[in-house]
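These notes concern the structure reproduced below.
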Amino acid sequence: MGFTKCLSDQCLLFRKNELGTIIVCLYFDHDTMVVGDRKAVDDFKKQLAKFVNTKEEGRMTKYVGCMVKSYNGSLYLHQSNLIKKIERKFGDRNKNAKI
């Protein structure tokens, strides 16, 4: 399908062509995360569907424990939920912590 493996992570693939850029992350449990230009992503999904049954889970909101937001064409990972959980658990004891 014309993808190149990332040198530092063999599960991360990328492709750039006339439809745009696409990045695919393959997980050991057969899950796949796909990000990129809309036309490139749509084309990849059509190509993939020829070989395997796929199920789209919708817009990604979490990734490896981080919350995911998209804004102005960029993806942002944050852990505000984890920070709130730590604040609830440790309360005032955490106010003087240095980060």
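Rule-based calculations on the coordinates, nothing more; no lab input. Source: prediction; values computed, not measured. Ideal geometry is used to build each Cβ from the backbone, glycine not excepted, and the neighbour counts take in all protein chains shown.
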Selection count, segment 4-51, where residues are touching a strand residue (DSSP E or B) at 6+ places or on another chain (Cβ under 7 Å) and hydroxyl-bearing (Ser, Thr, Tyr): 3
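Table: residues versus (1) among the aliphatic types (A, V, I, L, M); (2) exposed (fewer than 15 other Cβ atoms within 10 Å of the Cβ); (3) under 11 Å from the mean Cα position of the chain (by Cα).
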{"site": "Thr4", "(1), (2), (3)": "no, yes, no"}
{"site": "Leu7", "(1), (2), (3)": "yes, yes, no"}
{"site": "Gln10", "(1), (2), (3)": "no, yes, no"}
{"site": "Arg15", "(1), (2), (3)": "no, no, no"}
{"site": "Thr21", "(1), (2), (3)": "no, yes, no"}
{"site": "Gly36", "(1), (2), (3)": "no, no, yes"}
{"site": "Glu57", "(1), (2), (3)": "no, yes, no"}
{"site": "Thr61", "(1), (2), (3)": "no, yes, yes"}
{"site": "Lys69", "(1), (2), (3)": "no, yes, yes"}
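Considering only strands (runs of 3 or more DSSP E) fully contained in segment 14-74, which possess at least 1 residues that are of a type in the set (D, E, K, R)?
On the way: elements: 20-26, 32-36, 66-71.
It comes to 66-71.
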